[in-house]
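Encoded as structure tokens, the structure appears first; notes follow it.
The values are calculated or read from the model by the stated rules, or taken from the named source; none is laboratory data. Only a predicted model underlies this, so the values are computations on that prediction, with no experimental measurement involved. Note: ideal-geometry Cβ built from the backbone for every residue, glycine included; neighbour counts use all protein chains shown.
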Amino acid sequence: MTEQTINWAELKEALKKVDKSVVDCKCNYEKFIEWKRIGREDLASLVLLGKIVDFKNKSHLSYTMYKWKQSQEEPMALGYYPYGGCNVYQCADCKRLFFYYVEMGGHAVDLNLRLIREELLVFEAPQ
Ligand SMILES: [Zn+2]
């Protein structure tokens, strides 16, 4: 079985379909302006589009995690961890898109979700 993937062009295309007129959506997108830990049940209302590929794979390198304090304005640097290896999920209602990744900790597994905002997407994180 091949893994479902999504590339840059497909991601941009999907972002065009977001229906910003839908507010108060069941996906609670406004909660995910910055990275937020979730439970598996939070994924239930979302549809998996695929794993991010095509971004000169430096996904083993973390950029944003160290150079940026986690914030609402943290760039989504697609060549870097965690964005490079993220799965992209979509809300079936408003079509908003989310980055999702799993962080393996010592004794816990953290599931993380962040709303994708086109204006924050970059290949290389700014210096
Ligand atoms: Zn939604």
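Selection within the stretch 88-115: residues that are over 21 Å from LEU78 (Cβ atoms) and not charged (D, E, K, R). The member of this set that is nearest to the ligand (Cβ to nearest atom) is CYS94.
Looking only at the stretch 77-117, residues that are in contact (Cβ under 8 Å) with a residue 60 or more places away in the chain and over 11 Å from the mean Cα position of the chain (by Cα) come to 6 in all. Does any residue in the stretch 9-26 that is within 12 Å of ALA92 (Cβ to Cβ) and in contact (Cβ under 8 Å) with a residue 60 or more places away in the chain come within less than 7 Å, Cβ to Cβ, of a residue that is within 13 Å of the ligand (Cβ to nearest atom) and small (Gly, Ala, Ser) six or more places away or on a different chain, and which pairs are these? Pairs found: LYS26/SER45.
Being over 13 Å from the mean Cα position of the chain (by Cα) and at pLDDT 95 or above is the requirement here; does LYS58 meet it? It is false that LYS58 is over 13 Å from the mean Cα position of the chain (by Cα) and at pLDDT 95 or above. Taking the conditions (1) over 10 Å from the mean Cα position of the chain (by Cα); (2) modelled with pLDDT under 90 in turn, CYS25 satisfies each one other than (2).
Within the stretch 71-97, the set of residues being within 19 Å of ALA44 (Cβ to Cβ), among the charged types (D, E, K, R) and surrounded by fewer than 18 Cβ atoms within 10 Å (Cβ to Cβ) comprises just one member, ASP93.
Taking into account only those residues within the stretch 27-56 that are part of a loop (DSSP other than H, G, I, E, B) and without any contact (Cβ under 8 Å) to a residue 24 or more places away in the chain, which is farthest from the ligand (Cβ to nearest atom)?
This residue is ALA44.
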